[in-house]
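The values are calculated or read from the model by the stated rules, or taken from the named source; none is laboratory data. Please read these numbers as outputs of a predicted model, since none were measured by experiment. Neighbour counts are summed over all protein chains in view; Cβ atoms, including those assigned to glycine, are modelled from backbone coordinates with ideal geometry.
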Amino acid sequence: MVFETLELAPPGPGQARVRHTAIGLNFIDVYTRTGLYPVAPPAILGVEAAGVVEEVGPGVTLVAPGDRVVYNGLPGAYCTYRNAPADRLVKIPDTVSDEDAAAVFLKGLTVWMLIFEIRRLSPGETILVWAAAGGVGSILTPWANALGARVIGVVSTPEKADIARGYGCSEVLLDSEDVPARVRAICGGGVPVVYDSVGRASAEASLKSLAPKGWFVTYGNASGPVDPIAPARLNQGGSLIMTRPGLFHYTHHRADLERGAAALWGAMRSGAVRADIRQRFALREAAGAHHALESRRTKGATVLIP
Ligand code: NDP
């Protein structure tokens, strides 16, 4: 990664020029850099940022100069200024700082997708959450708690176990343990849903932790992409249901994006969810941020500051 100065054209029709104040670091940025999710190089990494609208192009009515906005899912976020499609920008509530917005907008909407849109969590359910001390985990666990669900978290170290308990996990397992055996010891016949962002290394343990008719929600590949799973494996596990969702399919329509954002801001207003930024890097130090994220040294959320 290199830091370069480029010319930026005035915002075109439907675009707004945004001065970034905080950029969200997400594991998807690593996948893009390594080529797991291919882009044609040279590319500007990053898909999430918060900032201030400085100028709008012809036909833009959703935002105006001076508005504080946040977005996710727009490639090219690792920069100081950019032109963005105005219809992907969402205004940040007065009660939420730019840094917090950049820390939660992609991860929080991902959680909204997981616990409301794919399959609504019910009070009293016990769920299994991998990487429970990570960025998504820091939102998924407390929001699931707010819906009345009990969370078993999985993490890699005792220090992260303490953090996951702080987010609201009632039990925390280390990934070096026999996770399915521990899950069954805690809740008998297995859990009704597993949220698995670790991927290749965790998929089989996730399947073995599910109760009959349970949901295997495999939504990330931090350890590498999941190996193929035969349909018969789902039947053997007890008529399991598997989905591999992507947030951007769930927020493609503006109405859905606004619905998810409203749910997230509401959860923050109620205190159910908060941004937990534990690492800040200068944008110029983005490579160091990637090293930290990939080597499992980060906890909670990370932002890059332009
Ligand atoms: P995290 O902060 O959760 O960081 C990833 C965590 O994964 C690590 O801290 C680590 O936690 C765990 N992990 C397990 N194995 C590995 C490994 N081999 N290498 C690196 N990390 C590993 O990242 P994010 O909050 O940004 O994202 C969490 C997950 O959610 C990612 O997998 C991401 O792809 C996914 N995601 C999916 C979306 C979708 O639309 N499908 C949208 C947004 C995120 P520990 O040390 O405790 O094991």
Suppose we keep only residues that are part of a loop (DSSP other than H, G, I, E, B) and acidic (Asp, Glu) within the range 163-193. Which one would you say is nearest to the ligand (Cβ to nearest atom)?
175
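For residues in the range 268-285 being away from the ligand (no atom under 13 Å from the Cβ) and in contact with a helix residue (DSSP H, G or I) (Cβ under 6 Å, 6 or more places away or on another chain), which is nearest to residue 87 (Cα to Cα)?
Across the range 268-285, the extreme among qualifying residues is 273.
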Give 46, 66 a once-over and let me know the one that is away from the ligand (no atom under 16 Å from the Cβ), in the same structural domain as residue 277 (by TED's automatic domain parsing) and either modelled with pLDDT of 95 or more or over 24 Å from residue 261 (Cβ atoms) (or both).
66
Name the residues in the range 218-235 that are of a type outside the set (Ser, Thr, Tyr), surrounded by 15 or more Cβ atoms within 10 Å (Cβ to Cβ) and within 9 Å of the ligand (Cβ to nearest atom), would you?
220, 221, 222
Quickly run through the range 194-213 and pick out the residues that are in a strand (DSSP E or B) and surrounded by fewer than 24 Cβ atoms within 10 Å (Cβ to Cβ).
211, 212, 213
Answer with yes or no whether residue 238 is exposed (fewer than 15 other Cβ atoms within 10 Å of the Cβ), more than 10 Å from the ligand (Cβ to nearest atom), of a type outside the set (Ser, Thr, Tyr) and in contact (Cβ under 8 Å) with a residue 12 or more places away in the chain.
yes
What pairs can you find where one residue is in the range 142-162 and part of a strand (DSSP E or B), the other is within 14 Å of the ligand (Cβ to nearest atom) and polar (S, T, N, Q), and their Cβ atoms are less than 6 Å apart, with a gap of 6+ or different chains?
151/141
